[in-house]
1. Round to the nearest 10 and give me the degree value, 0 to 90, for the angle of helix 168-186's Cα axis relative to the longest principal axis of the chain.
2. Just need log10 I(q)/I(0) for segment 73-116 at q = 0.15, 0.23, 0.31, 0.33 Å⁻¹, Debye formula, equal scatterers on the alpha-carbon atoms, no solvent, rounded to two decimals.
3. How much length would be gained if the chain were fully extended between GLN168 and ASP45, taking 0.36 nm per residue of separation minus their Cα-Cα distance, in nm to one decimal?
4. Hey, what did the chain get for relative contact order, percent, Cα under 8 Å, at least 6 apart?
5. Between ALA100 and GLU68, what is the spin-label point distance in nm, taking each point 7 Å from the Cα along the Cα→C-beta axis?
6. In deg cm²/dmol, rounded to 500, what helix-only [θ] at 222 nm does the chain give when every DSSP H run of at least 4 residues adds -39500 (n - 2.57) and the total is split over its residues?
7. In square angstrom, what is the accessible area per residue of segment 129-225 with a 1.4 angstrom probe?
8. Among GLY143, GLN102, TYR125, which residue has its Cα furthest toward the positive end of the charge dipole of segment 90-147, with +1 on Lys/Arg Cβ and -1 on Asp/Glu Cβ?
Amino acid sequence: MKKLIAFFLFLILFVVGILYFSPAARSVVGIDPAPTIVGVQPLGDVPDSEIVAVINAVREMYDYQVVELKRQDLPEMAYTEIRYPRYRADSILTWLCDEAYQSAKPDSINIILSLTKADISITKYNKETGEIKDPEWKYKDFGIFGLGRIHGGVCVVSSHRLANGVSQKIFQKRLTRIACHEVGHVLGLRHCPVQQCLMNDANESIRTIDKSTGEICSACKKKID
C-alpha cells in the first residue's frame, strides 16, 4: 500500500513538473504558459528617452510585457583597455547570468535586455580555423552594436556607435532595431540571409541596420510564434 501511495505521489509530482517547465504541455491541457516579460536593464547613465524608446519598440515587435529595471553600474569585471577603454559585451552577459544578479532581479523576468552608452566589444574568430580573425590587432577587441545569447535569456545593446552624424530620429531607429534584433537572438533566432530582415547580420556596418525594414521576415517569425 505504501509503495502504491509513493508511486502516485511521484506521478503527481512528475506531471506537475512537466506542466510547470513545459509551455507546450501547459497549452495541451489548456493551461496558459506564464507570459514572457522583458526587463530593460539600464547600465550607467542611459537617457530616459532611450529606455522608453526601447521598451515601446520591443513591446510592439514581440507583444511582450516590457518593464524597466533599477539602474545599475556597469560591472567592473567587464572593463578592458585592450585597445580602447571599453566593456566586454560577453563579460556583461556573464555578469547578467551570475547568481548574484539573477537572485536580485524579479523572478517574473524571463529576458534581460541591458542598455548602455559605453562602448562594448568582443573578440571575433574565424569560423573555419577558430583563430582570431585577421588582422588580429583589429579583431581581438572589436567594437560592436550589441550581443545576445541564443536561448540565453540575456543581451546587451550599446548606443555608443549609433549617433555619429545622424539625426535623433535615425539614431532612435538604429537603437530600437538593434534592441529588437538582440531580443530575437535570445528567443532563438540566428542571423537571417534575407537582406531586409531585422535578423540579417550587420556585417560590421550600421548601413545594414539602416537598410532593414525593421521587421522580422515571415520565416523568422514562424520560428518564434
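The values are calculated or read from the model by the stated rules, or taken from the named source; none is laboratory data. Here the structure is a predicted model, which is why all the values come from computation and not from measurement. Cβ placement follows ideal geometry from the backbone for every residue including glycine, while neighbour counts extend to all protein chains displayed. Each accessible area value is taken on the protein alone, full model and side chains, heavy atoms only, with ligands, DNA and RNA left out. Shrake-Rupley method; radii C 1.70, N 1.55, O 1.52, S 1.80 Å.
1. For 168-186 against the chain, the angle is about 40 degrees.
2. One equal scatterer on each Cα of segment 73-116 leads to -0.41, -0.82, -1.22, -1.30.
3. 42.5 nm
4. This gives 15 percent for the chain.
5. My value for the distance between the label points is 2.6 nm.
6. The per-residue figure over the chain is -12000 deg cm²/dmol.
7. Each residue of segment 129-225 exposes 54 Å² on average to a 1.4 Å probe.
8. GLY143
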